[in-house]
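The values are calculated or read from the model by the stated rules, or taken from the named source; none is laboratory data. Treat the numbers as computed from the prediction; the structure is a model and nothing was measured. In this analysis, Cβ positions are derived from the backbone assuming ideal geometry, glycine residues included, and neighbour counts consider all displayed protein chains. Side chains are part of the model used for accessible areas, which takes the heavy atoms of the whole protein and leaves out ligands, DNA and RNA. Shrake-Rupley method; radii C 1.70, N 1.55, O 1.52, S 1.80 Å.
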Amino acid sequence: MKTKHEISLTAEQAGEVLAPIVGVVLGMKPEKVQYWIGRKKKLANEMRKILIGDVNPYADLLARYEQYSRDVYGKKQDFSGIIIPEAEEGFSWITPVPGSESMTVEEIYYGIKNKLHPAWKWTDKSLDDVLDFSFGRDGWKDNYTVRFRPNHEADEDLKNLSANDIAGRKINTATIKERLWLGGFLYWSEKIILDRKTITLCAGSRFSVGCVPSVCWVGHYGEMCVYWFKSGGASGRLRSRAAVS
């Protein structure tokens, strides 16, 4: 659906605004043009501030995620120009996720294990070596944003549904990378521990042998656990997390 501004804007109006911008670019030195070519996101953000003002309501949240990446992983991220998907009411956990070119799934896991709290995974191999990156968003190269419901426990309405059921109903759900990244951020930011009573079935992901990753908190050991279930497995405690991406 088009917004009011998209409906009212004409090609003539767009041309009037673009004309002076094009004039400035044509008058720039080649080395300056090359400088901005390598910093397109920064350029877009600066132009947005000039033309419509700094109106990003999520700027503070995105900055917090950037700080999280620096503090826990020692990596600089730029989420400022990232697209926030629209969602129905209830999907209020907005999560900018680093693409595979800037952070791997294994790095996210070990950042949690080394900097936040104890963690265990079922394999001695790198998670990136056992994941099927042709399935879901785990292998996406560029940064992107996904939204979840603000549930400390995995979604009640997705219990007793296997990964096969989820796929059959075409329900968009969290990947292993997204669940780890979100869980780490919430612990770092507010000391929130997800899935104390439930298990998040990461039905948006697959391991290379076809089984489905899962994440939960094992209270007896005081650690996060990364495990797997068969794609047909389902129970009341095993639940996916609905996503908007």
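Taking segment 195-245 on its own, how many of its residues are open to solvent by less than 10 Å² (accessible area, probe 1.4 Å), part of a loop (DSSP other than H, G, I, E, B) and among the aliphatic types (A, V, I, L, M)?
1
For GLY90, only one of the following conditions fails: (1) of a type outside the set (A, V, I, L, M, F, W, C); (2) open to solvent by less than 30 Å² (accessible area, probe 1.4 Å); (3) over 20 Å from TYR187 (Cβ atoms). What is its number?
The number of the failed condition is (2).
For segment 39-77: of the residues being at pLDDT 80 or above and not in a helix (DSSP H, G or I), which is nearest to HIS152 (Cα to Cα)?
Among them, the one singled out is TYR58.
Looking only at segment 148-186, how many residues end up being open to solvent by 10 Å² or more (accessible area, probe 1.4 Å) and acidic (Asp, Glu)?
4
Would you say VAL105 is crowded, with 17+ Cβ neighbours inside 10 Å, touching a residue at least 60 places away in the same chain (Cβ under 8 Å) and either among the acidic types (Asp, Glu) or under 20 Å from ALA243 (Cα atoms) (or both)?
Yes: the conditions hold for VAL105.
Taking only segment 148-177 into account, find how many residues are hydrophobic (A, V, I, L, M, F, W, C) and assigned to a helix (DSSP H, G or I).
Total meeting the criteria: 5.
Inspect all residues belonging to segment 124-143 and state whether any of them is of a type in the set (Lys, Arg) and free of Cβ contacts under 8 Å to residues at least 40 places away in the same chain.
There is at least one residue in segment 124-143 that is of a type in the set (Lys, Arg) and free of Cβ contacts under 8 Å to residues at least 40 places away in the same chain.
For segment 78-87, indicate whether the set of residues that are assigned to a helix (DSSP H, G or I) and at negative phi is non-empty.
no
Restricting segment 108-134 to residues that are among the basic types (Lys, Arg) and open to solvent by 70 Å² or more (accessible area, probe 1.4 Å), which is farthest from ASP60 (Cα to Cα)?
Only one residue fits best here, namely LYS125.
Determine the pairs where a residue that is over 14 Å from SER245 (Cβ atoms), located within segment 162-183, has a partner that is in a helix (DSSP H, G or I) with Cβ atoms under 6 Å apart, the partner being 6 or more residues away or on another chain.
Sorted first by the residue in segment 162-183, then by its partner, the pairs are LEU180/ILE108; LEU180/TYR109.
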